[in-house]
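Undergrad: Got a structure for you, written out below as structure tokens; questions coming shortly.
Taken together, the values in this text are just the output of simple stated rules run on the coordinates, not laboratory data. In this text the structure is predicted, and so the values were computed from the model without any measurement. Heads up, the Cβs are rebuilt from the backbone with ideal geometry, glycines too, and the neighbour counts pull from every protein chain shown.
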Amino acid sequence: MTALLHWYCILPSPPMIAALSIADEILELKCQRRAILLAHHYQSPEIQELADVIGDSLELARKARDFDGEAIAFCGVWFMAETAKVLNPNRVVVVPDREASCSLVESCPVEPIRAFRQEHPDHVIVSYINTSIEVKAESDILCTSRNAVKVVNSIPPEKPILFLPDRNLGNYVKRQTGRENMQIWQGSCMVHATFPARRLIEAKIEHPEALVVAHPECPEPVLALADFVGSTSAIIEWCAASDAAEFIVMTESGVNYSLRRQAPGKQFYYVANENCNCSECPYMKLNTLEKLRDCLLTLEPRVELSEEIMRRALVPLDRMLAVK
Ligand code: 13P
Ligand code: SF4
């Protein structure tokens, strides 16, 4: 049974009101709007600092369902906010920046998925949560990086699968489950798919004691060098529980905020990818404190979805949430 997340207020003390900082304004608006602030691990530290909940995409989807306020300010990317809206059709869901998309969403338009469905009615369509609401509505079940192996294992072995859109996660799940009857869409994450194994090897030479943790959106040669593969939250939990003192982290560097809190005193090294020569998601980093304040003030940009699409997307989403 998940505990209900209570909306709550922290107001700036009266002497500070004369010179409200943006953070104070956000806390005050959050209170006025009876809003909760959900933040993905890839958000900037100043946003995570103000969040009621910080989590991976599965945790945030669960938390979005279990709270008693009126609005959700979703500090993450648009598809995550759409998921929160499907689970909260009567609540207002806002995102600081409407352009906060995801290269996986962009790599998977709905038309070819509809065509595939028509041509292969026997296939189970397993969609990663990093998809548009339209693609979710065409899917049989969703998954996140945290539960993808369990979701695929929950499907009868004789049923053929189309896994979409992330090829690296799909291939990882295929290796973990030994599932042969699985077709994989060829989408990729612009951050993780461009981490070169060569740079990871250089980092390992520089830090020979460090263990390697990696997100399953990384390419196979990177995952082959990892001591642990998991979702953002799973990586943080694993590093905190490990006896090791140093880690090379193959995911977006926003996880550093929770790693430093949950594993104080340990060392974390980040490898730059070949796309931006950094380890930051450009979509996630579109959200800023100023935009967060403005979206709480205006309640825009707001996720608006038709009842029909929410009803259809809820079916595969509920199936995923039921997988233990
Ligand atoms: P998590 O489900 O691990 O939070 O991953 C989301 C994501 O977008 C990874 O790039
Ligand atoms: Fe999408 Fe990659 Fe950014 Fe995650 S890190 S939101 S998968 S582009």
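Undergrad: Give me a comma-separated list of calculated 3J(HN,Hα) values for the range 73-84, in order, Karplus coefficients 6.51, -1.76, 1.60 applied at θ = phi - 60°, integers in Hz, x for any Gly or Pro.
TA: Ordered by residue, 3J(HN,Hα) equals 9, 9, 8, x, 10, 4, 4, 5, 5, 4, 4, 4 Hz.
Undergrad: Moving on to the next point. Fully extended, how many nm does the chain gain between Glu106 and Arg261 (0.36 nm per residue separation, minus their Cα-Cα distance)?
TA: Gain in length upon complete extension: 52.5 nm.
Undergrad: Could you pull out every residue, at least 5 positions away or on a different chain, whose amide H is within less than 5 Å of the one on Ile125? Hs are placed 1.01 Å off N in the peptide plane, and Pro or chain starts have none.
TA: For Ile125, whose amide H was placed from the backbone, the distant partners under 5 Å are Asp140, Ile141, Leu162.
Undergrad: How large is ³J(HN,Hα) for each residue in the range 39-44, as worked out from phi by the Karplus curve 6.51 cos²θ - 1.76 cosθ + 1.60 (θ = phi - 60°), to whole Hz, x for Gly and Pro?
TA: 10, 6, 4, 8, 6, 5
Undergrad: Residues with beta-carbon under 10 Å from that of Gly254, excluding Gly254: net charge, scoring Lys, Arg +1 and Asp, Glu -1?
TA: -1
Undergrad: Rg (Å, one decimal) plus Dmax (Å, integer) for the alpha carbons of the chain?
TA: 19.8, 67
Undergrad: Continuing with this model, one more query. In whole Hz, what ³J(HN,Hα) sequence does the range 195-207 give by Karplus (6.51, -1.76, 1.60; θ = phi - 60°), x for Gly and Pro?
TA: 7, x, 4, 4, 6, 5, 4, 4, 5, 5, 5, 5, 10
Undergrad: Counting each pair of different Cα atoms once, what's the Kirkwood radius of the range 80-214 in Å, rounded to one decimal?
TA: Roughly 16.6 Å, rounded to one decimal.
Undergrad: Could you list which residues have their amide H under 5 Å from that of Met182, counting only those 5 or more apart in sequence or on another chain, with H placed in the peptide plane?
TA: Under 5 Å from the amide H of Met182 lie the amide H atoms of Ile161, each far enough along the sequence or on another chain.
Undergrad: Among the lysines, which have Cα under 20 Å from the Cα of Lys30 when same-chain residues fewer than 8 positions away are ignored?
TA: Lys63, Lys85, Lys291
Undergrad: Here's another thing I want to ask about it. Got a sec? How would Val212, Val151, Val323 order by Cβ neighbour count within 10 Å, fewest to most?
TA: Final ranking by Cβ density, sparse to dense: Val323, Val212, Val151.
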